[in-house]
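What follows is a single structure, written as structure tokens, with notes after it.
The values are calculated or read from the model by the stated rules, or taken from the named source; none is laboratory data. All of these numbers come straight from a predicted model, not from anything done at the bench. In this analysis, Cβ positions are derived from the backbone assuming ideal geometry, glycine residues included, and neighbour counts consider all displayed protein chains.
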Amino acid sequence: MRIFKTIDESLPFFKALASDVRIQILNVIAKEPGMNLNELASRIGITSGALTTHIRILEEVGIIEVKTIAANRHGVQKICTVITEKYLTQIGFDDPEQNFYNVELCPGHYVDYHVMPTCGLATAKQIVGVYDDPAYFADTERFNAQVLWFAKGFVEYDIPNFLPDGSVCKSLMIQAELGSETVAYNNDYTSDIYFSVNEIPIGIWQSPGDFGGVKGLNNPEWWPPRMNQFGTLLELRIDNRGTFAEGKQISDITLEKLGIIPKTQVRLRLDVPEDTPTSRGLTIYGRGFGNYDSGIMASFNYE
């Protein structure tokens, strides 16, 4: 997640989007990745020179990435891809005494777990062990896992606490690409995911499905098409008003109740309870999988 601390800092980003042509460019690139610049100019209906100007503006603010690749009989080609990310502008938080730091965890960086089949985990190169054997969640290769899934159980993560001595945490935001879990995939398969921090329940979020049928934007070539492909990007925010999921309050648990201060533990648990029929599995996507190419992100705002 990219955070703009002030409106002024976000101004170039919003200026880059203030163009119908550039919005059209982004829509085409997102739907048809791998298109070269000549093909893109033809699709948009503008000259290559005009396209180059628009591409430069989008690239400068980090919305797209341009790569030069070798083409068999055509020398080299320039290919554009959208950098899939969430953007947040903090309005009214331009106090210089306020600060942020971000940490990212791989799905395999859990410190405790208990899972039941269907289950499994994979690195960018291969499945760890075999499908549906919880024993492989203890394999040391799991530290490299960028996707994991299970039908029932939980995983817990220790989020590094780098709050400086004497600081006060104002908000904690957690972002992750999550989905439900069933055999193969099911696009209409809701699952209630339970969240807790430091053993205190902070709320429940419902995953809409275990999505498949269309290849995830970042999935490796070897990832089986019969498997689930991507999830939903969830953002949890905990502050002194309560806990929110995608802007909607899901509990009255505040930072004060969680006791998040310098040098304290911050342990996040994602749980699919065994005795809850509405909790139907969990998939966690990291880098190289899903649609967002990001691990579990935590952002601390403090002053």
Residues 205, 222: which one is aromatic (Phe, Trp, Tyr) and farther than 24 Å from residue 276 by Cβ? 222
Return the residues of the range 64-102 that are at pLDDT below 65 and among the hydroxyl-bearing types (Ser, Thr, Tyr); say none if nothing qualifies. 89
Expected single match for hydrophobic (A, V, I, L, M, F, W, C), within 26 Å of residue 114 (Cβ to Cβ) and touching a Pro at 6+ places or on another chain (Cβ under 8 Å) among 211, 195 is 195
Residue ranges of strands (runs of 3 or more DSSP E) in the range 124-213 with at least 1 members under 18 Å from residue 228 (Cβ atoms) and among the hydroxyl-bearing types (Ser, Thr, Tyr): 191-197, 200-207
Name, by its number, the condition in (1) over 23 Å from residue 254 (Cα atoms); (2) surrounded by fewer than 22 Cβ atoms within 10 Å (Cβ to Cβ); (3) at pLDDT 95 or above; (4) within 16 Å of the chain's Cα centre (by Cα) that does not hold for residue 217. (3)
Pair list, Cβ < 7 Å and 6+ apart or interchain, from the range 237-255 residues that are in contact (Cβ under 8 Å) with a residue 12 or more places away in the chain and within 24 Å of residue 208 (Cα to Cα) to residues that are among the acidic types (Asp, Glu) and surrounded by fewer than 17 Cβ atoms within 10 Å (Cβ to Cβ): 242/252
For residues that are crowded, with 16+ Cβ neighbours inside 10 Å, closer than 27 Å to residue 247 by Cβ and more than 20 Å from the chain's Cα centre (by Cα), tally how many sit in the range 168-185. 2
Return a yes/no flag: does the range 267-275 have any residue that is assigned by TED's automatic domain parsing to the domain that holds residue 210, in a loop (DSSP other than H, G, I, E, B) and out of contact with any Lys or Arg (no Cβ under 7 Å at 6 or more places or on another chain). yes
So, in the range 214-232, how many residues would count as being in a strand (DSSP E or B) and in contact (Cβ under 8 Å) with a residue 60 or more places away in the chain? 1
If we keep just the residues of the range 17-61 that are over 21 Å from residue 217 (Cβ atoms) and small (Gly, Ala, Ser), which is surrounded by the most Cβ atoms within 10 Å (Cβ to Cβ)? 41
Do you know which residues across the range 19-42 are assigned to a helix (DSSP H, G or I) and closer than 13 Å to residue 63 by Cβ? 22, 23, 25, 26, 27, 29, 30
When the range 233-248 is checked residue by residue, the ones that are touching a strand residue (DSSP E or B) at 6+ places or on another chain (Cβ under 7 Å), over 20 Å from residue 295 (Cβ atoms) and assigned to a strand (DSSP E or B) are 239, 243, 244
